[in-house]
Amino acid sequence: MALVSTRNPLNIGASARAMANFGFARLRVVNPYDVAFREARSAVGAAPLLQSAEEFSSLADAVADCKLVVGTTSVGHRELQHPIRRLEYGARLIRRSLAQAPVGLLFGSEKFGLSNEELSHCHWLMRIPTVDPDLSMNLGQAVALCLYELARDPKAVEARPERIRRAGAAENEQITAMLIDALRQSGYINPVTAASTEEKIRRLVRRLDLAARDAPVLLGMLRQVLWKMGGRE
């Protein structure tokens, strides 16, 4: 990743922090305004990455070893001469290219973005889809969002959650019996309609579809209630 003519060292630090968070290690800085950017306080947890950042005086040198160079832009009112891809699609293309060769992802200065001359080094451009195309994001936020999209596994959203084991028939019946016992002692169950009430309670417990890990908790609660009521444990 390359930051071009960045004006605020805090943004460089925030970008380094985002890189460290999402597993990216090579930061290149082209003509930063502040020579003391390596001491940026915003690089929480990313000081080594910031210290090892490579500094270049020209963008051409910074991307010389990259087979693909992608610029970022907020579009705005500029007339751009490059294909522009949304973040989610552009990230997929970058991931494919990264498997074969280095890719340069460029971010311009906070005030002007990438200049036309800097854009001329790019194969295509990528944008974050904001509500209004004229809006732009803070540099550190834009870097974090782009790197997150690059780092996340697109298959993760399709993954099914781990299946939780449900309580078995024996556990449900034990809960049912203790609940009926507690309700009988409390006077809730009418002796005349006891049979139908117990059937309703049994069906109710099954409809709860309790997880196996919750059954012991509920049984413990019922035991305590029965103990307090003077019934069996």
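The values are calculated or read from the model by the stated rules, or taken from the named source; none is laboratory data. Please read all numbers here as calculations on a predicted model, not as lab measurements. As a convention, Cβ positions derive from the backbone with ideal geometry for all residues, glycine included, and neighbour counts pool all protein chains shown.
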Discussion item. Yes or no: the range 101-120 includes at least one residue that is in contact with a Pro (Cβ under 8 Å, 6 or more places away or on another chain) and assigned by TED's automatic domain parsing to the domain that holds Phe24.
Written reply: no
Worksheet item: Is it the case that some residue within the range 63-79 is of a type in the set (S, T, N, Q), crowded, with 21+ Cβ neighbours inside 10 Å and within 20 Å of Ile128 (Cα to Cα)?
Response: yes
Worksheet item: Is there a residue being under 23 Å from the mean Cα position of the chain (by Cα) and modelled with pLDDT under 90 anywhere in the range 97-104?
Response: yes
Discussion item. Suppose we keep only residues that are touching a helix residue (DSSP H, G or I) at 6+ places or on another chain (Cβ under 9 Å) and not in a helix (DSSP H, G or I) within the range 115-132. Which one would you say is surrounded by the most Cβ atoms within 10 Å (Cβ to Cβ)?
Written reply: Met126
Discussion item. From the list Arg207, Arg202, Arg166, exactly one residue is at pLDDT 90 or above and touching an Asp or Glu at 6+ places or on another chain (Cβ under 9 Å). Which is it?
Written reply: Arg202
Worksheet item: Could we say that Val63 is β-branched (Val, Ile, Thr), within 21 Å of Leu93 (Cα to Cα) and modelled with pLDDT of 90 or more here?
Response: yes
Practice prompt. Check Glu110, Glu158, Glu88, Glu79 and return the single one that is at pLDDT 90 or above and of a type in the set (Asp, Glu).
Written response: Glu88
Practice prompt. Under 7 Å between Cβ atoms, at least 6 apart or on separate chains: pull out the pairs that start in the range 28-44 with a residue that is at positive phi and end on any residue that is crowded, with 20+ Cβ neighbours inside 10 Å and of a type in the set (Gly, Ala, Ser).
Written response: Asn31/Ser5
Discussion item. Just to be sure before I move on: is Ala40 touching a Lys or Arg at 6+ places or on another chain (Cβ under 8 Å) and buried (at least 16 other Cβ atoms within 10 Å of the Cβ) in the structure I sent?
Written reply: no
